[in-house]
Amino acid sequence: MLRRIATLTVAAALVLSACSGGKAGESSVAADEGLLKLIGWPLTPTFVENYNPGAPTTGPLLNMMYEPLVRVDDNHMEIKPYLAESWKWSADAKTLTMKLRENATWSDGKDFTSADVKFSFETLPKKYPDLPILKPAFASLETPDPDTVVFRFDAPSRVMLSDWGWTYGLVVPEHVFATQDLTTWTNPKPVTTGPFTLERFTPQQVTLKVRHDWWGGKSKGVKSVKILASGSPEAAQSALLKDEADWANIRWADPDKQWKTKPEHQFWMATSAYFMVTFNLDTEPYDNVHVRRALYAAFDSGKLVQVLHNGIQVGNVTGMDHKTFGEALAPEFRDKLQSQDLATARSELAASGYTVSGGALVKAGKTHKLTLNGREDDATAMRVVAAQWKEALGLDVAVRTLGTSYVDQIKKGDFDLFMWQGGGCSVYCNFNALNGALTAPVGKPAADNYGRVRDAELDGLLTKLAAATSDADIQSLGWEVQRRFVDQRFNMPLGASGASVTVNTERWQFPQQSEGDYLPALGLAAQPAVAIMNLTPTGK
């Protein structure tokens, strides 16, 4: 297959040169003419001038410049083509053959080829094993021609493909990176396949210019993107309210009162993840399934949603929202939302062998006082849940907010109950976090399974799901995993949540919630770039 040969006129070359420039030169786009202003994510008071994906800290929105082979449609949890325009699995699901886009070029005019994929996924991780260059796992990689990449795996790996659409699957140019030392290089003039090139950098503001030759097509209106630094959610909220930005991914305590006071001000929270309480199954009384069931049945997701007003929606009993995951949910759970069931809560507590005395759980002469841990910004939600347990079961649950080291604490199991967010891009992603192989004894950091779940039946189902070779088997095994999860209540979904999207539609028409096949979430790979290229001006 012949690749398209990129030809550049002198004028076009000058345009590309200006687009990839660093600090020199302001945007050639007139003020507000085709200009999109957004708050950089993650929030930071100043930006670092470093576009080396292997660096611990990089410039803002690197994921809008470098691209993955596939992307995940977070509105429907489907895998979509991206730098790879098509792919095919072998019958045993151990070989994946990808066809790359013939019209994709780097921003310096050179062709994007399979050699770039091999370099990004194989050469760099081997050369720099200690750098955060996380790439998809495979046994070997072959490049039979410039348009084809063949991945071979030691075991069936179809369910793993959705992982490739995240920010650790970004492809970089071999002809640029091969001569650099990634331990020190800052890549100040990034050459990318993405729709944007770096035009100007300052610690408080970065300007990207839209490419005219992006493989995905021309922009529908945006000509340049101005990324603003903001050190806190409060500062970002202030910038939005002052009309200094069009878009940010931040939460509000009460968006209806704080932001959605004008028709142009819109906010929603994606339902691709879920807010949850994690039980530590290595500690009493959470190793008792009846206690876990009792705590879940005593909770009322609807009341939590009413109190928070922050975009969280009433949760499905699996933690996965039906609007997002569709038929991947077992039929009996598709419309089954969490609801308080006091009779079940009390009968399950009785079946556990525990009684409530002095606000604590007591059994065999041992008293267990409950503590719900979480981040400072989840304090309100924790108090609501604790109050529900008090009212329903008579439990006095202490609420403890943790500092910035909370991730280390939960990895080591230094908690009994912990509130935070879970979920993933597929059924397998969601529930493999409960795989017994990914946990560790209390005191040692777990790889992912922080709740210390060790269930032979669940592990067996996950093993079969990982090895599934057909869509039908992936679906049916996913249903069985959900049934085991709901029955054993390994964690406690509180409500559907995910990326928080705050937009001002006065100048740009943004997609509405669950509209289209992409989510305008700044932290995701490919998604924000696709969203920006599809924005249309309102004409105001």
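FYI, it's all coordinate maths here, none of it is from the lab. Owing to the predicted nature of the structure, the values given are computational and were not obtained by experimental measurement. Glycine gets a Cβ as well: all are built from the backbone with ideal geometry, and neighbour counts include every protein chain shown.
Counting only residues at least eight positions apart within a chain, or on another chain, the aspartates and glutamates with an alpha carbon under 18 Å from that of residue 366 are 282, 284, 287, 396, 416. Taking R0 as 35 Å, what's the FRET efficiency between residue 283 and residue 234 from their Cβ-Cβ distance, rounded to 0.05? Plugging the Cβ-Cβ distance into 1/(1 + (r/R0)^6) gives 0.45. Averaging Cα coordinates gives a centre for the range 420-449 and one for the range 153-207; these two points are 27 Å apart. With 10 Å bins beginning at zero, the pair-distance distribution over Cα atoms of the range 157-233 amounts to 14, 32, 38, 14, 1 %. With both residues required to sit in the chain, DSSP beta bridges show an antiparallel share near 80%.
Residue 75 sits among other residues whose Cβ lies under 12 Å from its own Cβ, and their net charge, with Lys and Arg +1 and Asp and Glu -1, is -3. Helical runs assigned H by DSSP (4 residues or longer) give the chain a calculated mean residue ellipticity at 222 nm of -6500 deg cm²/dmol, each run adding -39500 (n - 2.57) before division by the residue total. Note on the range 406-540: percent of Cα-Cα distances in each 10 Å bin, starting at 0 and stopping at the bin with the largest distance, equals 11, 30, 27, 21, 9, 2. In this structure, residue 411 and residue 218 have a Cβ-Cβ separation that, at R0 = 45 Å, corresponds to a calculated FRET efficiency of about 0.50. About its Cα centre, the dipole of the range 273-497 is roughly 500 debye, where the only charges are +1 on Lys and Arg Cβ and -1 on Asp and Glu Cβ. For a straight C-alpha distance cut-off of 17 angstrom, the aspartates and glutamates reachable from residue 94 (same-chain residues fewer than eight places away being disregarded) are 142, 154, 163, 471, 473.
Ranked by the mean number of other Cβ atoms within 10 Å of their residues, highest first, the peptides 181-187, 248-254, 269-275 come out as 269-275, 248-254, 181-187. This model, with +1 at the C-beta of Lys and Arg and -1 at the C-beta of Asp and Glu, gives the chain a dipole about its Cα centre of some 380 debye. Each peptide among 483-489, 288-294, 192-198 gets the average number of other Cβ atoms lying within 10 Å of its residues, and from highest to lowest they stand as 192-198, 288-294, 483-489. Normalised by residue count, the range 324-406 yields a Cα convex hull volume of 163 Å³ per residue. Here's the list of lysines a cross-link from residue 223 could span, going by alpha-carbon distance under 24 Å and ignoring same-chain residues fewer than 8 apart: 23, 37, 110, 189, 209, 242, 540. In summary, the helical segments of the chain meeting the span-like criteria, namely a full DSSP H run, a Cα extent along the axis of 20 angstrom or more and a mean Kyte-Doolittle hydropathy of at least -1.0, are 379-393, 471-488.
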